[in-house]
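Report on the structure given below.
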Amino acid sequence: MDIAIHSTFLPHDDPEASLAFYRDVLGFEVRNDVGYSGLRWITVGPAGKPGTSIVLHPPAVDPGITEDERRTITEMMAKGTYASILLATADLDKAFDELQSGGAEIVQEPAEQPYGVRDCAVRDPAGNLIRLQELR
């Protein structure tokens with residue numbers, strides 16, 4: 001079986017701030033930007049890697065979600081505990097410096113982890129945790 005991860009979804013609560021972060025700070029390409037009923041879905045991905053994308057989407061818009069669930073999602077996003085993604089880079093220190101100079105909210109500076117990787121962590125404007133791991 002030949003399966004690849006094509007897209008993953010992260011919520012946003014401010015499309016312009018999320019767009020600026022993923023495009024201008026991370027350097028991702030904007031692949032699609034779709035509005036519907038006053039909401040926006042923005043697809044971004046690493047330059048030169050068209051097969052991998054992140055869809056930044058409005059949170060809790062599924063019609064099957066209750067008001068209590070919407071409220072919980074909103075609360076978890078505000079705390080930064082709702083969604084996360086793990087990215088990788090060949091030069092963690094350079095990437096961290098660029099994230100820091102780009103104004104990313106720093107959660108953890110580059111460090112060797114006891115589980116065998118070197119990584120750092122930041123939050124995007126919606127509070128999503130982004131762990132950035134160094135490729136070895």
- Amide H contacts of residue 43 (H built 1.01 Å from N, under 5 Å, at least 5 apart or other chain): 31, 32, 33, 34, 56
- Simple spin-label estimate for residue 136 and residue 52 in nanometres, 7 Å along Cα-Cβ: 1.8
- Item | Per-q log10 I(q)/I(0), segment 50-98, q = 0.26, 0.29 Å⁻¹ (Debye; single scatterer per alpha-carbon; no solvent) | -1.03, -1.11
- Task: Let me have the 222 nm mean residue ellipticity of the chain computed from DSSP H runs of 4+ only, each contributing -39500 (n - 2.57), with the sum over all residues rounded to the nearest 500.
- Result: -6000 deg cm²/dmol
- Dimensionless Rg over Rh [the chain; C-alpha; Kirkwood]: 0.98
- Rounded to whole Hz and in sequence order, give me ³J(HN,Hα) for segment 121-136 from the Karplus expression 6.51 cos²θ - 1.76 cosθ + 1.60, θ = phi - 60°, writing x for Gly and Pro. 9, 9, 10, 7, x, 8, x, 5, 7, 10, 9, 10, 9, 7, 6, 10
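Using a 1.4 angstrom probe, figure out how much accessible area the chain has per residue, in square angstrom, rounded to the nearest whole.
On the way: 8040 Å² over 136 residues.
The answer is 59 Å² per residue.
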- Query: In degrees between 0 and 90, to the nearest 10, how far off the longest principal axis of the chain does helix 67-79 point, with axes built from Cα atoms?
  - Reply: 30
- Item | Amide H contacts under 5 Å for residue 28, placed H, 5+ residues apart | 23
- Message: So the label point goes 7 Å from the Cα of residue 76 along Cα→C-beta, right? Which residues of segment 96-136 then have their backbone N under 20 Å from it?
- Response: 122-131
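How large, in percent, is the carbon and sulfur part of the accessible surface of the chain at a probe radius of 1.4 Å?
Numbers: 4260 of 8040 Å².
Ligands and nucleic acids excluded, carbon and sulfur give 53 percent.
State whether segment 1-48 is rounded, prolate or oblate according to the following rule on the C-alpha gyration tensor (a ≥ b ≥ c being the square roots of its eigenvalues): a/c under 1.5 gives rounded; otherwise a/b larger than b/c gives prolate, and the remaining case gives oblate. Before the final figure, lay out each step's value.
Numbers: a/c = 2.30, a/b = 1.38, b/c = 1.67.
Oblate, since a/c reaches 1.5 and b/c is not below a/b.
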- Rounded to whole angstrom, the alpha-carbon centroid of segment 22-61 lies from that of segment 64-118 at a distance of 17
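The values are calculated or read from the model by the stated rules, or taken from the named source; none is laboratory data. This structure is a prediction, so every number in the text was calculated from the model and none was measured. Glycine gets a Cβ as well: all are built from the backbone with ideal geometry, and neighbour counts include every protein chain shown. These area figures cover heavy atoms from the full protein model, side chains too; ligands, DNA and RNA do not enter into them. Shrake-Rupley method; radii C 1.70, N 1.55, O 1.52, S 1.80 Å.
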